[in-house]
Amino acid sequence: MKQELINAFIERNLKNFEVNSTGWNELIRQMLFEFAVGGWNIEKDIFGKEKYGELRCYTYSEDKELNTIVKNITQKYAALSMETCEICGSEGKKRSVNSWETTLCLSHYLTQKPVIEIDEELNVRSNSKTLLNINDIVKADIEYDLQKLCLYTEEPAYGTEGISFSWQEPNYYLLLKTIPLQVFSPDMQNPVSALFENLEHCEICGHKAVHQRSCLRCHQEPWTESQVFIEDYGEKTNYIKACQMDSFIDEDDYEKYFKYDRSFEKSHDHQILFGHHDLKEYEKLLF
Ligand SMILES: [Zn+2]
Ligand SMILES: [Zn+2]
């Protein structure tokens, strides 16, 4: 088949793919090329889209043999798309951004995720956009688990929407700590202040961030002499080591995302319990 005809087929069909950006274009071009050389009638169009961070192409053929080829090709590229950043085309993995599934490289993941910043003038910014000034807050709504916050700079009236923040964003607890207590409803003022007064030291990540048996910074649970823990880890040191190695390996890039979180103090004498040999053994188990 003439290369020129294949190219025309590819460029014409590239437009039939509903994708979020241009990062998968080369992948789609290669897939369409395989369709053309695989026996697909290039007069017929191919359609596809991004769904849950994957490249989906629902094309099929009445011809049994051709349909097997079609299936092989679409499966191959669906798998490749899950390793390719939708924005830039470099190596990526599936991520969740604002509860959307998307495939991104590390740097595009980090630029897509919200990061709360508070400057010296108490301006609250998210990804370099100023949202409000702490001094202007008139009301703060917070959920009972203290994990979601909504701030208002004018009395909430019909049509006035607050700005929401969540514990999944770096510096959320720094923001919570900085907001004047009196803007919370009277029943929530105690739980908010108690949270920061009763924090305990986390032996895993070293932050003073343990609240009600869970670390608000590393999300690990402190060791207890419970049956489940003893069965799984034997003794405390093994448990702390395993958790510390998980953070170090950072498979979900959580630590990289939270690198500049200033919500919690870090202890100066925090002990790292694992060594080279432990890490080597642990990686063998994981990968
Ligand atoms: Zn990228
Ligand atoms: Zn921790």
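Here the chain was treated as a single set of alpha-carbon atoms; its pair distances binned every 5 Å from 0 give 1, 5, 9, 11, 11, 11, 10, 10, 9, 8, 6, 5, 3, 1, 0, 0 percent. Dimensions of the stretch 3-107 based on its C-alpha atoms, expressed as ranges along the principal axes with the largest first, amount to 41, 28, 18 Å.
The length gained on full extension between K51 and S90, counted as 0.36 nm times the residue separation minus their Cα-Cα distance, comes to 12.2 nm. Basic side chains Lys and Arg get +1 at the Cβ, acidic Asp and Glu get -1 at the Cβ, and with that the dipole of the stretch 114-189 about its Cα centre reaches some 120 debye. On a straight-distance basis, which aspartates and glutamates could pair with K280 in a cross-link, Cα separation under 14 angstrom, same-chain partners fewer than 8 positions away excluded? The reachable aspartates and glutamates, counting only those whose Cα sits under 14 Å from K280, are D246. When F35, F229, F196 are sorted by how many other C-beta atoms sit within 10 angstrom of their C-beta, beginning with the fewest, the order is F196, F229, F35. Take every Cα pair under 8 Å whose residues are at least 6 apart in sequence, average their separation, divide by the length of the stretch 199-287, and the relative contact order is 30 percent. Stretching the chain fully between E283 and N198 yields a gain of 27.1 nm (0.36 nm per residue, less the alpha carbon separation). Only aspartates and glutamates eight or more places from K2 in sequence, or on another chain, were considered; those with a Cα closer than 15 Å are E11, E34, E43. Take every Cα pair under 8 Å whose residues are at least 6 apart in sequence, average their separation, divide by the length of the chain, and the relative contact order is 10 percent. Taking a ≥ b ≥ c as the square roots of the eigenvalues of the Cα gyration tensor, an a/c ratio below 1.5 marks the stretch 122-187 as rounded.
For a Förster distance of 41 Å, can you work out the FRET efficiency between the beta-carbons of Q147 and A78, rounded to the nearest 0.05? In this case the efficiency is close to 0.75. Dipole orientation for the stretch 221-287: of the candidates F274, F229, L286, F274 has the Cα lying most toward the positive pole (charges on Cβ; Lys, Arg +1; Asp, Glu -1). What separates the Cα centres of the stretch 35-71 and the stretch 199-260 is a distance of 46 Å.
For the chain, the longest principal axis of the Cα atoms and the long axis of helix 25-37 meet at an angle of about 30 degrees. Taking Cα atoms only, the orientation of helix 64-81 departs from the longest principal axis of the chain by about 30 degrees. Spin-label model, T111/R12: points 7 Å from Cα along the beta carbon direction are separated by 3.5 nm.
Readers should treat all values here as calculations from the given coordinates under stated rules, not as data from a laboratory. Model, not experiment: these values are computed from the prediction. No Cβ is skipped: glycine too gets one built from the backbone with ideal geometry, and neighbour counts run over all protein chains shown.
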